[in-house]
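The values are calculated or read from the model by the stated rules, or taken from the named source; none is laboratory data. All figures in this text were calculated on a predicted structure; none of them were measured in a lab. No Cβ is skipped: glycine too gets one built from the backbone with ideal geometry, and neighbour counts run over all protein chains shown.
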Amino acid sequence: MESGWIVVWVRRFLCLVCGHTMNRLPDWLHPWRWYAGTVIIEALYRHLILQESAGSIGARFGRPEGATEWRSLRRWRKQLLISPTLWGWLGPRLGAANPAVNRDEGRIYLERLLAEGGHVVRSGILAVEELSTSVRKTLRDLVHNRKTAWPLKHFLSGTLSAGLQARLCRSIPTEKDSGPGPP
């Protein structure tokens with residue numbers, strides 16, 4: 001397996017009301033994670049549903065051959081549908097209020113997430129090949145900030161009100177003025 005860096009261009013949006021920025025990521029990339037969303041879910045699928053060992057899963061994704069433990073699996077299981085950085089925005093709707101304390105509860109959370117993406121959970125290695133489509137459906141057309149995610153349709157372009165337009169003109173940096181805050 002090859003390893004290296006991949007440069008991903010991410011679209012950023014500025015909220016004209018509060019001034020915060022948000023990102024629109026590709027639907028295969030999960031916010032604030034080293035691994036892509038499909039890798040996280042495939043690793044959890046292998047661990048929680050197919051009952052593969054952490055060592056064999058880790059080796060599949062480039063971890064050292066002799067490693068018998070992969071702490072990320074346990075962390076991902078606990079954070080799935082709870083953490084804002086691991087599909088937490090879906091947790092309340094899918095009935096996940098607390099971290100998964102064991103593999104059985106983690107499997108239930110994972111099955112709920114996959115069902116949200118239209119995936120029918122089956123045992124067997126062939127089902128792993130279909131995970132990518134389901135994961136991408138759960139991440140498609142979302143805008144993220146550090147706490148939550150919203151459907152992109154909430155941010156459709158429109159016209160600005162006159163008062164907001166005047167405020168924006170005063171706060172945008174120019175050659176003569178760097179704006180209200182640090183550059």
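Inside the stretch 21-35, residues that are modelled with pLDDT of 80 or more and either more than 19 Å from the chain's Cα centre (by Cα) or not polar (S, T, N, Q) (or both) make up a count of 1. Every test in (1) in a helix (DSSP H, G or I); (2) under 24 Å from P151 (Cα atoms) is passed by L94 save one, and that test is (1).
What is the one condition in (1) modelled with pLDDT under 60; (2) within 23 Å of G37 (Cα to Cα); (3) surrounded by 11 or more Cβ atoms within 10 Å (Cβ to Cβ) that H119 does not satisfy? In the conditions (1) modelled with pLDDT under 60; (2) within 23 Å of G37 (Cα to Cα); (3) surrounded by 11 or more Cβ atoms within 10 Å (Cβ to Cβ), H119 misses (1) alone. Scanning the stretch 59-85 for residues that are closer than 20 Å to I6 by Cβ and either of a type in the set (S, T, Y) or touching a Phe, Trp or Tyr at 6+ places or on another chain (Cβ under 7 Å) (or both) yields R63, S72, T85. Taken over the stretch 97-107, residues that are crowded, with 16+ Cβ neighbours inside 10 Å and assigned to a loop (DSSP other than H, G, I, E, B) amount to 2. The lone criterion from (1) in contact with a Pro (Cβ under 9 Å, 6 or more places away or on another chain); (2) over 23 Å from L142 (Cα atoms); (3) aliphatic (A, V, I, L, M) left unmet by I82 is number (2).
Filtered by the rule that a residue be farther than 21 Å from L131 by Cβ and part of a loop (DSSP other than H, G, I, E, B), the stretch 49-91 gives P64, E65, G66, A67, T68, E69, P84. Filtering the stretch 85-116 to residues that are β-branched (V, I, T) and at pLDDT 90 or above leaves V101, I108. Is it the case, given these coordinates, that S132 is among the small types (G, A, S), modelled with pLDDT under 90 and either in contact with a Cys (Cβ under 6 Å, 6 or more places away or on another chain) or outside any loop (DSSP other than H, G, I, E, B) (or both)? Answer is yes for this residue.
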